[in-house]
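Trainee: Right, I'll just put the structure down here and ask away after.
Since every read-out is calculated from the coordinates, none of them should be taken as a lab result. Keep in mind that what you see is a predicted model, and the values were worked out from it rather than measured. All Cβ positions, even for glycine, are placed from backbone atoms using ideal geometry, and neighbour counts span all protein chains on display.
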Amino acid sequence: MGVSDLLASRLRGLLVGTAVGDTLGLPAEGLSRQRIRRLFGGDWWQRLLFGYGMVSDDTEHTVFVAQSLLRYPVSPERFARRLGWCLRGWLLSLPAGIGFATLRAIGKLWLGFPPDRSGVYSAGNGPAMRVAVIGACFATDPARRAAYVAASTRLTHTDPKALTGATVIAELAAWIVRDQLTERPALEVFIALLHSCGLEDREWLATVDAIAQAARDNVTVMELADRLGLARGVTGYIHHTVPVVAYAWFRHCGDFRQTLTAVLDCGGDTDTTGAIVGALAGTMVGTAGIPTEWRSRITDWPRSLSLLEAIAGRLSAVIATGQPTVPVRYFWPAIPLRNLVFLLIVLAHGFRRLLPPY
């Protein structure tokens, strides 16, 4: 298998893993772990629409980043401009859910602010949820990887913690691809990588120490969340999400089902935590390692699984040759109607969550 084929396999796992984690976690978003157990119980499966799932902003943003990389693989500035236009158009399509920081940043983009000045001071999850594909594409080019991660992050978030969190996810994805990881790496190397992503961020360094201690104590992902004060669920703060995701990836390395389950069982911002850890775990195992029943129960259009796989194939060729190409086409005029249907489904699901059991 050639280099391009290997990267295509990893990218397919990353993009499909993102969608799977997103669709599994979406129905439980915002719920505590106790409420999830009482309301759903048992194993995880797509529950949004009669046993099927649809993607949310986590997958959509990843698609925007990947499509922008296809067009501009050698210029982070042009990449950021195109990504900014993707976000402008996304807002016009009336998405059902959008973070407040991202909403304000897109508003600034529409007011004419350039991509390097449109971000707002926030450390939300947005930059981390869309950045794994950057790490995988530029796995062997640390300078370009850092430039693209920074461009993607500051487009919407300017708090240095947001860049730290996004860098962690990108560096983990890059490590998986660069070293062709198939099993759990050494703890010392894992911790050293986490430390290197935020050397001036004291909160992050203290959190990394907590991750290292959790690994030495062989505690579960949920127990680490408890130690971090997240007993009621993982919040949308990037320094809450990224430690839980990173530890779950390390602890259950190579087992997609266990990795996703461990994170989703923690509750909270489950669609985003599921999407991020799904990207990392999917990069590890490829689509073949993602449970078939989880992949087959994603019912969405036009941003479908086939679209994600097509983007992965084209993106691997672009990275291998260094030559830009046109983004993968899909019937984007259908997006507003799709989003209206999605909104109605989400509202109906929200009303259902008001009912027992509590």
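Trainee: When you go through 12, 37 one by one, which is the residue that is charged (D, E, K, R), in a helix (DSSP H, G or I), over 23 Å from residue 341 (Cα atoms) and touching a residue at least 24 places away in the same chain (Cβ under 8 Å)? First the steps, then the outcome.
Mentor: On the way: 37 fails: touching a residue at least 24 places away in the same chain (Cβ under 8 Å).
Exactly one of 12, 37 is charged (D, E, K, R), in a helix (DSSP H, G or I), over 23 Å from residue 341 (Cα atoms) and touching a residue at least 24 places away in the same chain (Cβ under 8 Å), namely 12.
Trainee: Hey, among 55, 63, 74, which residue is out of contact with any helix residue (DSSP H, G or I) (no Cβ under 6 Å at 6 or more places or on another chain) and either of a type in the set (D, E, K, R) or surrounded by 22 or more Cβ atoms within 10 Å (Cβ to Cβ) (or both)?
Mentor: On the way: 55 fails: out of contact with any helix residue (DSSP H, G or I) (no Cβ under 6 Å at 6 or more places or on another chain); 74 fails: either of a type in the set (D, E, K, R) or surrounded by 22 or more Cβ atoms within 10 Å (Cβ to Cβ) (or both).
Being out of contact with any helix residue (DSSP H, G or I) (no Cβ under 6 Å at 6 or more places or on another chain) and either of a type in the set (D, E, K, R) or surrounded by 22 or more Cβ atoms within 10 Å (Cβ to Cβ) (or both) holds for just one of 55, 63, 74, which is 63.
Trainee: What are the residue pairs meeting all of these: first residue in the range 190-205, first residue of a type in the set (A, V, I, L, M), second residue not in a helix (DSSP H, G or I), Cβ atoms under 8 Å, and 6 or more apart or on different chains?
Mentor: Filtered contacts from the range 190-205: 205/198; 205/199.
Trainee: Just the residues that are surrounded by 15 or more Cβ atoms within 10 Å (Cβ to Cβ), touching a residue at least 40 places away in the same chain (Cβ under 8 Å) and not aliphatic (A, V, I, L, M), please, taken from the range 302-323.
Mentor: 303, 309, 313, 314, 316
Trainee: Suppose we filter the range 223-239 for residues that are surrounded by fewer than 18 Cβ atoms within 10 Å (Cβ to Cβ) and in a helix (DSSP H, G or I); how many remain?
Mentor: The qualifying residues number 3.
Trainee: Here is a follow-up. Looking at this structure, is residue 28 farther than 16 Å from residue 346 by Cα, surrounded by 19 or more Cβ atoms within 10 Å (Cβ to Cβ) and aliphatic (A, V, I, L, M)? Don't jump to the end; show me each part of the working.
Mentor: On the way: farther than 16 Å from residue 346 by Cα: no; surrounded by 19 or more Cβ atoms within 10 Å (Cβ to Cβ): yes; aliphatic (A, V, I, L, M): yes.
Against the criterion (farther than 16 Å from residue 346 by Cα, surrounded by 19 or more Cβ atoms within 10 Å (Cβ to Cβ) and aliphatic (A, V, I, L, M)), residue 28 does not qualify.
Trainee: Okay, moving on. Just to be sure I understand the filter: pairs with C-beta atoms under 8 Å, separated by 6 or more residues or on different chains, first member in the range 338-353 and surrounded by 14 or more Cβ atoms within 10 Å (Cβ to Cβ), second member acidic (Asp, Glu). Which pairs pass?
Mentor: 338/300
Trainee: Give me the pairs, please: first residue somewhere in the range 250-264 and touching a residue at least 24 places away in the same chain (Cβ under 8 Å), second residue anywhere and crowded, with 20+ Cβ neighbours inside 10 Å and not in a helix (DSSP H, G or I), beta-carbon distance under 8 Å, and either six or more positions apart or on two chains.
Mentor: Sorted first by the residue in the range 250-264, then by its partner, the pairs are 256/290; 260/44; 261/44; 262/252; 263/234; 264/44.
Trainee: Next question. Quick check on residue 232: is it touching a residue at least 60 places away in the same chain (Cβ under 8 Å), over 18 Å from residue 169 (Cα atoms) and among the charged types (D, E, K, R)?
Mentor: yes
Trainee: Have a look at 182, 164 and point out the one that is surrounded by fewer than 23 Cβ atoms within 10 Å (Cβ to Cβ), in contact with a helix residue (DSSP H, G or I) (Cβ under 9 Å, 6 or more places away or on another chain), in contact (Cβ under 8 Å) with a residue 60 or more places away in the chain and more than 22 Å from residue 70 (Cβ to Cβ). Full working, then the answer.
Mentor: Working: 164 fails: surrounded by fewer than 23 Cβ atoms within 10 Å (Cβ to Cβ).
None of the other options fit; the residue is 182.
Trainee: Select from the range 185-203 the residues that are touching a helix residue (DSSP H, G or I) at 6+ places or on another chain (Cβ under 7 Å) and farther than 20 Å from residue 280 by Cα and write down the one among them that is surrounded by the fewest Cβ atoms within 10 Å (Cβ to Cβ).
Mentor: Per the criteria, the residue is 203.
Trainee: Pairs, please: C-beta under 9 Å, at least 6 apart or cross-chain, first residue over 9 Å from residue 271 (Cβ atoms) and in the range 56-67, second small (Gly, Ala, Ser) and outside any helix (DSSP H, G or I)?
Mentor: none
Trainee: For the range 43-87, how many residues meet the condition of being assigned to a loop (DSSP other than H, G, I, E, B), under 18 Å from residue 129 (Cα atoms) and charged (D, E, K, R)? Break it down stepwise before answering.
Mentor: Filtering the range 43-87 down to residues assigned to a loop (DSSP other than H, G, I, E, B) leaves 43-48, 50-51, 54-56, 72-75.
Checking which are under 18 Å from residue 129 (Cα atoms) leaves us with 54-56.
Right, trim to charged (D, E, K, R) and you get none.
Of the residues in that region, 0 qualify.
Trainee: Among the residues of the range 71-126 satisfying the criterion of being among the charged types (D, E, K, R) and free of Cβ contacts under 8 Å to residues at least 40 places away in the same chain, which is nearest to residue 340 (Cα to Cα)?
Mentor: Initial filter on the range 71-126 (among the charged types (D, E, K, R)): 71, 77-78, 81-82, 88, 104, 108, 116-117.
Going one step further and asking which of them are free of Cβ contacts under 8 Å to residues at least 40 places away in the same chain, we end up with 78, 81-82, 88, 104, 108, 116-117.
On the way: 78: 31, 81: 27, 82: 25, 88: 18, 104: 22, 108: 25, 116: 32, 117: 31 Å.
Looking at residues that are among the charged types (D, E, K, R) and free of Cβ contacts under 8 Å to residues at least 40 places away in the same chain, I get 88.
Trainee: So which residues in the range 15-32 are among the hydrophobic types (A, V, I, L, M, F, W, C) and part of a helix (DSSP H, G or I), if there are any at all?
Mentor: Of the range 15-32, the ones among the hydrophobic types (A, V, I, L, M, F, W, C) are 15-16, 19-20, 24, 26, 28, 31.
Listed by number, the residues that qualify are 15, 16, 19, 20, 24, 26, 28.
Trainee: Would you kindly identify the helices (runs of 4 or more DSSP H) lying entirely within the range 240-332 that contain at least 3 residues that are farther than 19 Å from residue 173 by Cβ? Step through it out loud before you land on a result.
Mentor: Values: elements: 256-264, 270-285, 292-296, 305-321.
Because the criterion is at least 3 residues that are farther than 19 Å from residue 173 by Cβ, the helices (runs of 4 or more DSSP H) in the range 240-332 that meet it are 256-264, 292-296, 305-321.
Trainee: Follow-up question, since we're still on this one. Restricting attention to the range 115-137, and to residues there that are farther than 17 Å from residue 62 by Cα and aliphatic (A, V, I, L, M), which single residue is surrounded by the fewest Cβ atoms within 10 Å (Cβ to Cβ)? Talk me through it step by step, then tell me what you get.
Mentor: Of the residues in the range 115-137, the ones farther than 17 Å from residue 62 by Cα are 115-123.
So of that shortlist, the ones also aliphatic (A, V, I, L, M) come out as 120, 123.
On the way: 120: 17, 123: 23.
So, considering only residues that are farther than 17 Å from residue 62 by Cα and aliphatic (A, V, I, L, M), the one surrounded by the fewest Cβ atoms within 10 Å (Cβ to Cβ) is 120.
Trainee: Got at least one residue in the range 138-150 being assigned to a helix (DSSP H, G or I), surrounded by fewer than 24 Cβ atoms within 10 Å (Cβ to Cβ), touching a residue at least 60 places away in the same chain (Cβ under 8 Å) and hydrophobic (A, V, I, L, M, F, W, C)?
Mentor: Scanning the range 138-150, I find at least one residue that is assigned to a helix (DSSP H, G or I), surrounded by fewer than 24 Cβ atoms within 10 Å (Cβ to Cβ), touching a residue at least 60 places away in the same chain (Cβ under 8 Å) and hydrophobic (A, V, I, L, M, F, W, C), so the answer is yes.
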